[in-house]
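Before any comments, here is the structure.
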Amino acid sequence: MNLDVLFSGFGGQGILFISKILSYAAIESGLNVTWFPSYGPEMRGGTASCSVVISNKKISSPIVSRPKYMVAMNYPSLLKYESRVLSNGFIFVNSDIIRNNHLRKDVKYFDVPIQSIAKGISEKVFGNIVMLGSLTKIIKVISRGSVINSLKRHLNKKFNFDDNEKAFEAGYDFL
């Protein structure tokens, strides 16, 4: 089993954080993981992406050039990476800011209104955690419990864990 995931969005949308949490959860599940972030020098507001490879075997490269799964948190990221997703792959779209842009017929799109869902929990920003919940449900390789445990261990103490857990569960239950 080899699972390639590409996370993409603007810096500040929590792309690197959710990719890290997924990676920690995979490690907790006894799997091998590589985590390879890429972002511009401006970080917040600039384009960010992260390649995550999860496998039950040794991983030969951390680079994801043809992912099966992709998260697009903004329209420029969807445009940039959509063509790389494998045929029969899955694209998770932040449908609060990306609308009706299903250009490919050979992939499955999941429109997740992450900000709308997150606002039902708190005024804080949890959209990335909502998206992580939806992704976790579809990839089925890592349990929701492992992701919650990793979130609890690695969440910055200034953020409320209970609200993050609610955001994750809301994203998980959305699909």
Of these, VAL125, VAL147, VAL141, which one is of a type in the set (Val, Ile, Thr) and closer than 23 Å to ILE98 by Cβ?
-> VAL125
Name the residues in the range 143-175 that are free of Cβ contacts under 8 Å to residues at least 12 places away in the same chain, closer than 16 Å to GLY14 by Cβ and within 17 Å of the chain's Cα centre (by Cα), would you?
-> LEU155
Positions within the range 86-113 being among the aliphatic types (A, V, I, L, M) and within 16 Å of TYR172 (Cα to Cα), in sequence order | ILE91, VAL93, VAL112
Restricting attention to the range 69-98, and to residues there that are out of contact with any helix residue (DSSP H, G or I) (no Cβ under 9 Å at 6 or more places or on another chain) and assigned to a loop (DSSP other than H, G, I, E, B), which single residue is farthest from ILE142 (Cα to Cα)?
-> ASN74
If you go through LYS124, LYS105, LYS157, the only one that is in contact with a helix residue (DSSP H, G or I) (Cβ under 9 Å, 6 or more places away or on another chain) and either within 29 Å of SER55 (Cβ to Cβ) or not β-branched (Val, Ile, Thr) (or both) is LYS124
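Only one of SER83, SER116, SER143 is at pLDDT 95 or above, closer than 15 Å to GLU169 by Cβ and small (Gly, Ala, Ser). Can you tell me which?
SER143 is the lone residue from the list that is at pLDDT 95 or above, closer than 15 Å to GLU169 by Cβ and small (Gly, Ala, Ser).
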Could you please let me know if ILE91 is closer than 27 Å to SER29 by Cα and of a type in the set (A, V, I, L, M)?
-> yes
Looking across the range 104-118 at residues that are among the β-branched types (Val, Ile, Thr) and within 18 Å of VAL85 (Cβ to Cβ), the single one that is surrounded by the fewest Cβ atoms within 10 Å (Cβ to Cβ) is VAL107
Residue tally, condition surrounded by 14 or more Cβ atoms within 10 Å (Cβ to Cβ) and of a type in the set (D, E, K, R), over the range 85-103 | 1
If you go through the range 25-43 one residue at a time, do you hit one that is among the β-branched types (Val, Ile, Thr) and within 15 Å of LEU132 (Cα to Cα)?
-> no
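The values are calculated or read from the model by the stated rules, or taken from the named source; none is laboratory data. As the structure is a computational prediction, the values presented were derived from the model and not from experiment. All Cβ positions, even for glycine, are placed from backbone atoms using ideal geometry, and neighbour counts span all protein chains on display.
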